[in-house]
Amino acid sequence: MTVKQAECHIAILPTLGISPTRKRMAEVSMDIFAGMCAGPQPIKLVIKGKNFRRVMELMTLHEKPDADIAQRVRESVLSSEVEGMTDEEAAAWARASFVQELKDMSEE
Amino acid sequence: MASGLTTAERNRFLIERFKTLTIYGAYCTADPSDAASMSGKEATGSAYARTEITCGDDAAAGSISNTAAVEFPAASGGSHGLITHLAICTTDVEDADTAIASGILTASKQIDDGDQLVFAIGNIDVAIAAQA
């Protein structure tokens, strides 16, 4: 067997036509969103710096297993919204709400 | 005046995304691009599989790198082609569009039957641009 060594250096760089500060925020957010919005129509967002921590929280929550997300929602003030739902349904509802919150934070 | 994310915030992001979460390397014969589209670009068949990447406990100066060698399965029964890019994905399901980052290999590698692609410790690094 031949072992071939490789190197890869990945830079997350600004590419959008907006101010330098927001370019970075938007670029990072877009990278985050690539994982949340698998599908033919990725959502374009511009996130303010002050919301960045919340974006990360939502992203981390979004990728947790269905059962974990469902449990969080059932223990929150939103528990009535998922009453009677399976874990899978509750998680789908929560993930949709995460995306909506991100849209609400967007400047576009 | 400098503008952009602080170093601490860049590091926090990198730790959240590349250490706290389980991430997988996926090698490709074409650029997954910003669209994170893996279909038709990721290697397939001949024992190819996405492989977990382990990153360090902390990110320094806005970058993070692998702390264990990433050893993909050796190609078996055929070629994986000329590998040009690596994507970092959130699942090990092949062809799923779950890439969160991607980059071009410093040098493309032809992976033929029996060849194994390995990234040594520190040879995958992800950086967020510093303040301008």
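So here's what we get for this one:
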| read-out | value |
| --- | --- |
| Over chain B: Rg over Rh, Cα atoms, Kirkwood Rh | 1.00 |
| Footprinting exposure proxy for A:Val3, B:Val93, B:Val70, B:Val126 (fewest neighbouring C-beta atoms within 10 Å first) | A:Val3, B:Val93, B:Val70, B:Val126 |
| Label-point separation in nm, B:Thr106 to A:Asp104, each point 7 Å along Cα→Cβ | 4.7 nm |
| Amide hydrogen neighbours beyond the local backbone of B:Ser102, cut-off 5 Å, H modeled | B:Ile88 |
| Residue order, fewest to most surrounding Cβ atoms within 10 angstrom, among B:Leu14, B:Leu82, B:Leu105 | B:Leu82, B:Leu105, B:Leu14 |
| Theoretical FRET efficiency, 1/(1+(r/R0)^6), r = Cβ-Cβ of B:Ala61 and A:Gln71, R0 35 Å, to 0.05 | 0.40 |
| Efficiency of FRET from Cβ geometry, B:Thr7 and B:Val118, R₀ 22 Å, rounded to 0.05 | 0.10 |
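Read-outs: derived from the displayed coordinates by stated rules, not from any lab. Here the structure is a predicted model, which is why all the values come from computation and not from measurement. In this analysis, Cβ positions are derived from the backbone assuming ideal geometry, glycine residues included, and neighbour counts consider all displayed protein chains.
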